[in-house]
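The values are calculated or read from the model by the stated rules, or taken from the named source; none is laboratory data. Since the structure is predicted, the reported quantities are computational estimates derived from the model, not experimental observations. Cβ: placed from backbone, ideal geometry, glycine included. Neighbour counts: every protein chain shown.
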Amino acid sequence: MTVLEDYLPIFTGKTLEELHTILARYPNKQAALLPTLWIAQRERGWISDRTMAEVAEVLGVTPAYVKGVVTFYTMYHQHPVGKNFVQVCTTSPCNIRGAEGVVKAFLEQTGAGDAGATSQDGKWTIVEVECLGACGFATPVLVNDDFLENVTPEKVPEIVKKYR
Amino acid sequence: MGFPHKPHPKETVVLSQYFGDADARTYKGWTKRGGYQALAQALKTDPVAVTDIVKESGLRGRGGAGFPTGLKWSFMPKEKKKAHYLCVNADESEPGTFKDREIMRWTPHALLEGTAIAAHAIRAEVVYIYIRGEFTEPWTIMEQALAEANAAGVFGTIKVYLHRGAGAYICGEETALMNSIEGKRGNPRIKPPFPAAAGLFGLPTTINNVETLAAVPHIITRGAAWYKSLCLSNPKSTGTKLFSVCGHVQRPGNYEVTLGFPLKDLIYDMCGGPPAGRTLKACIPGGSSVPILTREETEACLLDYEGVVERGSMLGSGGVIVFDDSADMVYQIMRLAKFYAHESCAQCTQCREGTAWTTKILERILAGQGKPKDLDLLLDLAENMTGKTICVLSDSCAAPVVSGIKKFRGEFEAYLAGKRQVVMV
């Protein structure tokens with residue numbers, strides 16, 4: 001988290017235009033909260049208290065309200081994550097096809113340590129998530145925005161190599 | 001059909017006809033395949049008449065509840081005084097279900113066409129398509145398709161927007177979904193008022209599932225009588241349905257069959273049954289929220305709304321999870337309970353506490369720390385979790401626990417007697 005981040009507002013220039021396009025889709029500003037948080041996370045990598053305050057400001061709601069919403073949805077990061085954010089589905093249909101082994105392989109191959117922790121080089125955060133909605137292609141894994149299917153522990157080293 | 005996409009001879013391919021055909025994703029490719037003709041036809045028809053056709057067809061909601069679609073549409077105010085909304089539920093997150101994802105990935109225009117027809121029927125001027133946050137690929141494809149459709153003027157004066165979820169199973173519940181679009185926590189609302197009276201932003205709203213809407217264009221062009229004729233068992237269940245099959249089968253995937261089709265044939269003939277040398281033990285036929293079936297019940301089950309109920313479960317979303325004899329049912333039920341504990345929105349006590357305690361008790365049974373009365377305690381908890389909350393997430397957690405203890409009691413008792421133990425991962 002660089003010092004610069006503290007001083008540059010998120011919603012300027014093209015990002016502000018993007019915000020206006022989104023605002024036009026809803027009858028009130030509050031409804032634009034989820035998409036606005038998505039932009040903020042894309043720009044900042046995570047949603048800090050400062051970011052929540054900034055989002056609150058542009059949408060005319062309180063920072064506490066924004067926090068209430070951020071904490072409800074699991075995809076908004078409330079702390080910084082690695083450059084590669086890996087979500088492995090471990091719900092029942094994936095579990096019976098060996099998803100736990102996939103998690104283990106990712107943790108070992110990336111040096112991330114524990115699920116939810118970030119590797120020391122800042123490159124990897126591995127998390128277990130509930131159903132990704134691709135049960136027939138077990139185990140599905142989201143690496144950042146890339147949706148990978150049929151991942152097995154054997155395929156993990158190659159995936160890690162690709163994103164390293 | 002499994003993957004790669006090649007229909008099995010026993011499938012009735014309607015919705016999945018163009019799965020795997022990348023050209024069908026484009027506007028040009030879709031119109032070349034007869035796309036948007038149903039919309040043109042619907043726009044020339046009075047909204048009430050369109051609703052009547054869908055009513056007549058017998059189409060029922062494919063998201064899980066199975067509510068008659070035409071009837072739902074007819075609940076919208078007859079006299080239009082306020083703005084009307086249509087919400088498309090593409091928050092597919094019921095464990096075991098992955099059909100809407102395939103519809104959006106391969107036939108985004110089928111969904112958009114059905115959406116436009118529904119918006120016409122309920123006289124909505126704004127549509128929100130709520131896509132779960134994890135569906136990055138379907139999102140990109142839908143965004144592209146929507147841009148093309150807008151450029152071609154498909155929607156006329158109707159505005160269609162995509163809205164991205166952010167990781168919350170409960171947002172698939174219709175009132176939670178509306179709250180999420182309004183920029184709120186995804187807490188379900190108390191009904192009534194029902195969405196048709198006071199829904200999104202307090203205005204009349206209809207919410208339909210992706211698969212339901214994708215079926216609508218076919219009903220318009222081929223007629224209600226044709227759709228009604230697609231029926232193998234109970235006349236109250238008509239049309240085709242995509243079944244997502246996963247777990248212990250050799251060929252998992254989405255298979256489209258006429259309602260009333262035998263579950264046995266789906267699992268054994270189409271999906272190849274369990275891996276070699278193993279046998280079927282249990283099956284969850286309609287997504288993780290419905291009761292578990294034993295092997296005998298599974299093999300006798302017909303896949304329609306009534307047929308599955310007859311065997312003691314529900315058709316739900318059509319997510320078929322298959323367990324073979326290698327599956328530890330106690331562990332699997334704990335894993336499902338853990339899902340609901342994680343996904344509870346926590347506003348109702350029975351659900352917040354019930355899902356968490358159910359998971360804790362199952363975990364201690366698995367760890368060899370179970371107490372003799374734990375099974376009764378679980379059943380007592382489940383009873384208090386059923387029919388007592390704002391939405392059915394709590395009931396959904398109770399369903400596999402109750403049916404699991406009833407049907408696989410021996411496995412639970414083996415843990416309690418110290419004859420069995422797993423290492424928790």
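Listing for the model above:
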quantity: Hits in the range A:132-164 - residues which are within 29 Å of B:SER317 (Cβ to Cβ), in a loop (DSSP other than H, G, I, E, B) and more than 10 Å from chain B (Cβ to nearest Cβ); calculated: A:THR139, A:VAL151, A:THR152
quantity: Number of the exception - B:GLU134 against (1) in contact with a helix residue (DSSP H, G or I) (Cβ under 8 Å, 6 or more places away or on another chain); (2) buried (at least 21 other Cβ atoms within 10 Å of the Cβ); (3) of a type outside the set (A, V, I, L, M); (4) within 13 Å of chain A (Cβ to nearest Cβ); calculated: (1)
quantity: Residues of the range A:52-61 satisfying the condition of being facing another protein chain (nearest Cβ under 10 Å) and in a helix (DSSP H, G or I); calculated: A:LEU59
quantity: Failed item in (1) part of a loop (DSSP other than H, G, I, E, B); (2) closer than 23 Å to B:PRO400 by Cα; (3) of a type outside the set (Lys, Arg); (4) without any contact (Cβ under 8 Å) to a residue 60 or more places away in the chain, with B:GLN250 passing the rest; calculated: (2)
quantity: Filtered residue count, the range B:122-131, keeping only those that are surrounded by fewer than 21 Cβ atoms within 10 Å (Cβ to Cβ) and either among the small types (Gly, Ala, Ser) or in contact (Cβ under 8 Å) with a residue 60 or more places away in the chain (or both); calculated: 1
quantity: Residue in the range A:132-150 that is farthest from the chain's Cα centre (by Cα), counting only those that are within 20 Å of B:PRO4 (Cα to Cα) and buried (at least 24 other Cβ atoms within 10 Å of the Cβ); calculated: A:GLY136
quantity: First in the range B:407-420 and under 15 Å from B:GLN332 (Cβ atoms), second anywhere and of a type in the set (S, T, N, Q) and crowded, with 17+ Cβ neighbours inside 10 Å, Cβ under 6 Å, 6 or more apart; calculated: B:LYS407/B:THR294
quantity: Breaking point among (1) more than 14 Å from chain A (Cβ to nearest Cβ); (2) in contact with a Pro (Cβ under 7 Å, 6 or more places away or on another chain); (3) under 28 Å from B:ALA119 (Cβ atoms); (4) part of a helix (DSSP H, G or I), for B:VAL308; calculated: (3)
quantity: Residue match in the range B:205-224 (condition: touching a His at 6+ places or on another chain (Cβ under 9 Å), at pLDDT 95 or above and not in a strand (DSSP E or B)); calculated: no
quantity: Candidates B:SER237, B:SER244 - the one that is away from chain A (no Cβ under 14 Å), in contact (Cβ under 8 Å) with a residue 40 or more places away in the chain and buried (at least 18 other Cβ atoms within 10 Å of the Cβ); calculated: B:SER237
quantity: Set B:VAL401, B:VAL392, B:VAL425: member being under 30 Å from the mean Cα position of the chain (by Cα), of a type in the set (Val, Ile, Thr) and at pLDDT below 95; calculated: B:VAL425
quantity: Selection count where residues are farther than 11 Å from B:PRO108 by Cα and either of a type outside the set (A, V, I, L, M, F, W, C) or in contact with a Pro (Cβ under 8 Å, 6 or more places away or on another chain) (or both), scope the range B:4-28; calculated: 16
quantity: Matching entry among B:GLU182, B:GLU102 (being over 23 Å from B:VAL48 (Cβ atoms), surrounded by 24 or more Cβ atoms within 10 Å (Cβ to Cβ) and at the interface with another protein chain (Cβ under 10 Å from one of its Cβ atoms)); calculated: B:GLU102
quantity: Matching option when the condition is within 14 Å of another protein chain (Cβ to nearest Cβ), touching a strand residue (DSSP E or B) at 6+ places or on another chain (Cβ under 8 Å), of a type in the set (A, V, I, L, M) and under 24 Å from B:VAL13 (Cβ atoms), among B:ALA83, B:ALA90; calculated: B:ALA90
quantity: Restricting the range B:57-73 to residues that are without any contact (Cβ under 8 Å) to a residue 24 or more places away in the chain and part of a helix (DSSP H, G or I), the residue that is surrounded by the fewest Cβ atoms within 10 Å (Cβ to Cβ); calculated: B:LEU71
quantity: Neighbours by Cβ (under 6 Å, 6+ apart or cross-chain): first from the range A:24-51, facing another protein chain (nearest Cβ under 9 Å); second of a type in the set (Asp, Glu); calculated: A:ALA31/B:GLU182
quantity: Tally of residues being crowded, with 19+ Cβ neighbours inside 10 Å and not in a helix (DSSP H, G or I) across the range B:344-362; calculated: 3
quantity: Lone qualifier among A:ALA40, A:ALA64 - being surrounded by 16 or more Cβ atoms within 10 Å (Cβ to Cβ), in a helix (DSSP H, G or I) and small (Gly, Ala, Ser); calculated: A:ALA40
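For every residue, the table says whether it meets (1) crowded, with 23+ Cβ neighbours inside 10 Å; (2) at pLDDT below 95; (3) assigned to a helix (DSSP H, G or I); (4) among the β-branched types (Val, Ile, Thr).
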residue: B:LYS55; (1), (2), (3), (4): no, no, yes, no
residue: B:PRO77; (1), (2), (3), (4): no, no, no, no
residue: B:LEU86; (1), (2), (3), (4): yes, no, no, no
residue: B:GLY96; (1), (2), (3), (4): yes, no, no, no
residue: B:ALA110; (1), (2), (3), (4): yes, no, yes, no
residue: B:GLY114; (1), (2), (3), (4): yes, no, yes, no
